[in-house]
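J.: Encoded as structure tokens, here's the structure I'll be asking about.
The values are calculated or read from the model by the stated rules, or taken from the named source; none is laboratory data. Predicted, not measured: the structure shown is a model, and the values here were computed from it. For neighbour counting, all protein chains shown are included, and Cβ atoms are generated from backbone atoms with ideal geometry for every residue, glycine included.
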Amino acid sequence: MKVSGLAIVPPPEADNAFKVTPELLASVLARYSRSNQGIGKIMEKVDLASPDKSIDRILKFVDYGHASIGGLTGGIAMAIDDVSMWLAYKLFEVAQMADGQESSTRYITMDPQNVPTPDEVGMPVDLAKEWLDLIAIAFECYESEYKRLDSVAVENPEVVRAPEDTPEKVLKRMRKNYALDRARYFIPFATKTNLALVMSARMWAQAVKHLASMPQKEAQTVAAALRSELMKFSPRLIKHSQAEKSYEEQCRQEFSESLKLGLARLSHESLPDEVWVNVDRSVPPFLEETQEIEDGLKYRENRYGYCGSSVRRMRVSFAWNNMAIAELRDLNRHRTGHRYTPCIQAGFYLPPEIERSSHQSFLDRQTRFLGKLLDRGEPAYLYGLMLGSQTPFEHSTHADKFIYEGELRTGLGAHYRYAEHLSKALAEFYKQVPDAKDWIVEGTAEPE
């Protein structure tokens, strides 16, 4: 047996590595699957000084579809600066095979200048000034609450949950985060952020196609920019990333449903939390599951451990009626399965530490403005949402992934609202799978 690596930039110590471009990598591996010669023999026929000729020659021989070859390009990394939080959220939703990161709300600029222009998001001209005024007020609310809560944490150290021996430097950061994590609900969903994603040309083409098929102007603009940059890495495969009828129609139908639900449920009143969990343990009669739940979970040392078949084969769907977008942004990044949300405002969440009545004028104004956009059927209504806007959110996956999420989002240092949401979901899961409870490490999100 011989193992050889193929990489865009092989490490110096990799004696058996071949330096290839993403598309050459894909074409060589496609040819590899149609040969019994071994990778070395195939690479002998490749002219590394002129990879394009080699790619075209191989792809002419290999009659695989572009999607199956596109998945062989390896990870192509794209950094996307200065897009709205909504656009970043949407990219994570549609790019389900991606690895990625987004700037935390703890580090991005909180300023009315740090949003796209009305034209960039397709905001109606006659509503542009009102939108910008609303954005400015939202940041004022954020700033005032952050300063107040920061003072509260300094004057009342007990509000920050931390062990007694926590160093002062760490406590200072925790007090800051206490204030930031409670004030963040006033942050506009239009606020600019940065994100980076890594995935194959196949998945990039699919994600870009999806963005290009959406009715939002910013999505189409970013799709074009991504396509232009990706063409430098994988031109033959990224050409399949244009808007397409099936995507356009599904995007149209989902947008229509969002408008309908958005108008029916539009409110800034805080609603009681509801959680729904459905567990499907059915298996085919000719392949019964014999492993006990206990045996599928008890050997893990932590949430990264491997679960048994009794857990991995179990389907779990879970949903919340009114999750704040602040939490949705992170929970939406759990990659496995499918996530779905109409992205509306069915209530506005503010933590108990913030007096709702002191911001009633802003909440009334923001809700009225959102109603105007929804009444008109404007795709730009999304930019009227705030991180406190609550929306239904559904995620369907398998039990091992659900348990990982539950342990992560209630674990040490998790945001307090994550812990509340996932604890309630786990409680519903335990009702249906009681044998799992003793083997799931549910935390309390301490320290703050």
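J.: When you go through V170, V159, V152, V121 one by one, which is the residue that is within 25 Å of A324 (Cα to Cα) and within 29 Å of the chain's Cα centre (by Cα)?
T.: V121
J.: Got a number for residues in segment 191-233 being of a type in the set (A, V, I, L, M, F, W, C) and in contact with a Leu (Cβ under 8 Å, 6 or more places away or on another chain)? Break it down stepwise before answering.
T.: Here is the first cut: in segment 191-233, the ones of a type in the set (A, V, I, L, M, F, W, C) are 195-199, 201, 203-205, 207-208, 211-212, 214, 219, 222-226, 230-231, 233.
Next, from what is left, pick out any that are in contact with a Leu (Cβ under 8 Å, 6 or more places away or on another chain): 195, 197, 201, 204-205, 207-208, 211, 219, 222-223, 226.
Summing the residues that are of a type in the set (A, V, I, L, M, F, W, C) and in contact with a Leu (Cβ under 8 Å, 6 or more places away or on another chain) in segment 191-233 gives 12.
J.: Looking at segment 45-59, can you tell me whether even one residue there is buried (at least 18 other Cβ atoms within 10 Å of the Cβ), modelled with pLDDT of 80 or more and not assigned by TED's automatic domain parsing to the domain that holds L331?
T.: Checked segment 45-59: at least one residue is buried (at least 18 other Cβ atoms within 10 Å of the Cβ), modelled with pLDDT of 80 or more and not assigned by TED's automatic domain parsing to the domain that holds L331.
J.: May I ask you to list the residues in segment 204-238 that are of a type outside the set (A, V, I, L, M), without any contact (Cβ under 8 Å) to a residue 24 or more places away in the chain and within 29 Å of D52 (Cα to Cα)?
T.: Within segment 204-238, R227, S228, K232 qualify.
J.: Still on this structure, I have one more. If you scan segment 269-284, which residues turn out to be within 19 Å of E428 (Cα to Cα) and not polar (S, T, N, Q)?
T.: Passing the criteria: P272, D273, E274, V275, W276, V277, V279, D280, R281.
J.: Do we have any residue at all in segment 15-24 that's part of a strand (DSSP E or B), of a type outside the set (A, V, I, L, M, F, W, C) and either assigned by TED's automatic domain parsing to the domain that holds T221 or modelled with pLDDT under 80 (or both)?
T.: From segment 15-24, those part of a strand (DSSP E or B) are 18-19; that's our starting set.
Adding the requirement that they be of a type outside the set (A, V, I, L, M, F, W, C) leaves 19.
Then drop every residue that is not either assigned by TED's automatic domain parsing to the domain that holds T221 or modelled with pLDDT under 80 (or both), which leaves 19.
Looking for residues that are part of a strand (DSSP E or B), of a type outside the set (A, V, I, L, M, F, W, C) and either assigned by TED's automatic domain parsing to the domain that holds T221 or modelled with pLDDT under 80 (or both), one finds at least one in segment 15-24, hence yes.
J.: Still on this structure: Scan segment 85-108 residue by residue and report those that are among the β-branched types (V, I, T) and either buried (at least 22 other Cβ atoms within 10 Å of the Cβ) or modelled with pLDDT under 85 (or both). Please lay out each step first, then the result.
T.: Initial filter on segment 85-108 (among the β-branched types (V, I, T)): 94, 105, 108.
Hits for segment 85-108 are T105, I108.
J.: All but one of (1) of a type outside the set (D, E, K, R); (2) over 30 Å from D119 (Cα atoms); (3) at pLDDT 95 or above; (4) under 23 Å from the mean Cα position of the chain (by Cα) hold for A414; which doesn't?
T.: Here A414 meets the rest and fails (3).
J.: Do we find that F402 is closer than 30 Å to S282 by Cα, assigned to a strand (DSSP E or B) and not assigned by TED's automatic domain parsing to the domain that holds E130 in this structure?
T.: no
Condition check ((1) under 19 Å from V441 (Cα atoms); (2) in contact with a Cys (Cβ under 8 Å, 6 or more places away or on another chain); (3) assigned by TED's automatic domain parsing to the domain that holds K401) across all residues:
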{"site": "S270", "(1), (2), (3)": "no, no, yes"}
{"site": "R300", "(1), (2), (3)": "yes, yes, yes"}
{"site": "V316", "(1), (2), (3)": "yes, no, yes"}
{"site": "M323", "(1), (2), (3)": "no, no, yes"}
{"site": "E327", "(1), (2), (3)": "no, no, yes"}
{"site": "N332", "(1), (2), (3)": "no, no, yes"}
{"site": "H338", "(1), (2), (3)": "no, no, yes"}
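J.: Let me ask something else about it. Inside segment 293-367, counting only helices (runs of 4 or more DSSP H) that do not spill past its ends, which hold 3 or more residues that are surrounded by 20 or more Cβ atoms within 10 Å (Cβ to Cβ)?
T.: 293-297, 325-331
J.: Here's something else I'd like to know. What is the residue count in segment 260-290 for residues that are farther than 30 Å from P352 by Cα and of a type in the set (A, V, I, L, M)?
T.: Here the count works out to 3.
J.: How do the helices (runs of 4 or more DSSP H) wholly within segment 139-246 filter down when requiring 1 or more residues that are within 30 Å of R356 (Cβ to Cβ) and touching a Lys or Arg at 6+ places or on another chain (Cβ under 8 Å): which remain?
T.: In segment 139-246, 168-183 are the helices (runs of 4 or more DSSP H) which contain 1 or more residues that are within 30 Å of R356 (Cβ to Cβ) and touching a Lys or Arg at 6+ places or on another chain (Cβ under 8 Å).
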